[in-house]
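Novice: Submitted below is the structure of interest, expressed as structure tokens.
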Amino acid sequence: MVSRISMGVFLLVSLGSFGAPAYPPEKSLAYLQGTWSVVSFTRNESVTPKEITDSIVRIVEKDHVIWKREGKAFAGTKVTWDDTKIPMWMDVLPDGGPGKGERIPGIFKWDGIDLTICMADKGKARPTQFASPKGSDQTLMVFRKKPIDPKTP
């Protein structure tokens, strides 16, 4: 299960809600930055166990995302987004692996606390709602930004 989850995260990694305001690109860039903890990770209605999600973080630096599990990087992606769409769009391009450089479409929303991302599989249509029903080949991820540690330079 861990390898399936890791592969799913690798393929879908990185960064709308109906009626949500659009943010200027510089604002999106600002609020998406930082280290995010996984609140939940669901693929095809299958919920990833908390002991796995608790070990994963998503680190956003400008337009690049690094995924780490237990402190070790296991995937990275370049991210582009269009927050003028409703729901807001994002695309990720994996840094490596079988999907290297191939666009993976998704949508995202941020409510001020949680960042919710729904990604399709590579080659599939962009999701239109924040859901991961059985057989959809969509992954629904919810993240919460970790507070900045004042001891870290």
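The values are calculated or read from the model by the stated rules, or taken from the named source; none is laboratory data. Computed from a predicted structure; not experimentally measured. Counting neighbours? That spans all protein chains shown, and the Cβs are built from the backbone with ideal geometry, glycine included.
Novice: What number goes with the only condition from (1) touching a Phe, Trp or Tyr at 6+ places or on another chain (Cβ under 8 Å); (2) of a type in the set (Phe, Trp, Tyr); (3) more than 22 Å from Phe74 (Cβ to Cβ) that Phe108 does not pass?
Specialist: (3)
Novice: Still on this structure, please answer the following. Looking at the range 125-145, can you tell me whether even one residue there is closer than 15 Å to Thr42 by Cβ, in contact with a Gly (Cβ under 7 Å, 6 or more places away or on another chain), at pLDDT 95 or above and surrounded by 12 or more Cβ atoms within 10 Å (Cβ to Cβ)?
Specialist: Yes: the range 125-145 contains one or more residues that are closer than 15 Å to Thr42 by Cβ, in contact with a Gly (Cβ under 7 Å, 6 or more places away or on another chain), at pLDDT 95 or above and surrounded by 12 or more Cβ atoms within 10 Å (Cβ to Cβ).
Novice: Another one. Hey, any hits in the range 64-81 for a residue that's surrounded by 16 or more Cβ atoms within 10 Å (Cβ to Cβ) and in a loop (DSSP other than H, G, I, E, B)?
Specialist: No, that holds for no residue.
Novice: With the checklist (1) under 29 Å from Lys134 (Cβ atoms); (2) modelled with pLDDT under 95; (3) surrounded by 14 or more Cβ atoms within 10 Å (Cβ to Cβ); (4) not aliphatic (A, V, I, L, M) in hand, flag the one item Asp95 doesn't pass.
Specialist: Of everything listed in (1) under 29 Å from Lys134 (Cβ atoms); (2) modelled with pLDDT under 95; (3) surrounded by 14 or more Cβ atoms within 10 Å (Cβ to Cβ); (4) not aliphatic (A, V, I, L, M), Asp95 misses just condition (1).
Novice: Here's something else I'd like to know. Go through the range 28-50 and report how many residues are touching a Phe, Trp or Tyr at 6+ places or on another chain (Cβ under 9 Å), at pLDDT 95 or above and either in a helix (DSSP H, G or I) or over 17 Å from Glu70 (Cα atoms) (or both).
Specialist: Qualifying residue count for the region: 1.
Novice: Follow-up. Which residues, taken from the range 92-115, are more than 13 Å from Tyr31 (Cβ to Cβ) and of a type in the set (Val, Ile, Thr)?
Specialist: If the condition is that a residue be more than 13 Å from Tyr31 (Cβ to Cβ) and of a type in the set (Val, Ile, Thr), then Val92, Ile104, Ile107 are the ones that fit.
Novice: Leu115 - would you say it is farther than 19 Å from Gly34 by Cα and not in a loop (DSSP other than H, G, I, E, B)?
Specialist: In short, no.
Novice: Same structure, new question: If you take the residues of the range 51-85 that are within 22 Å of Thr128 (Cα to Cα) and hydrophobic (A, V, I, L, M, F, W, C), which of them is modelled with the lowest pLDDT?
Specialist: The selected residue is Trp81.
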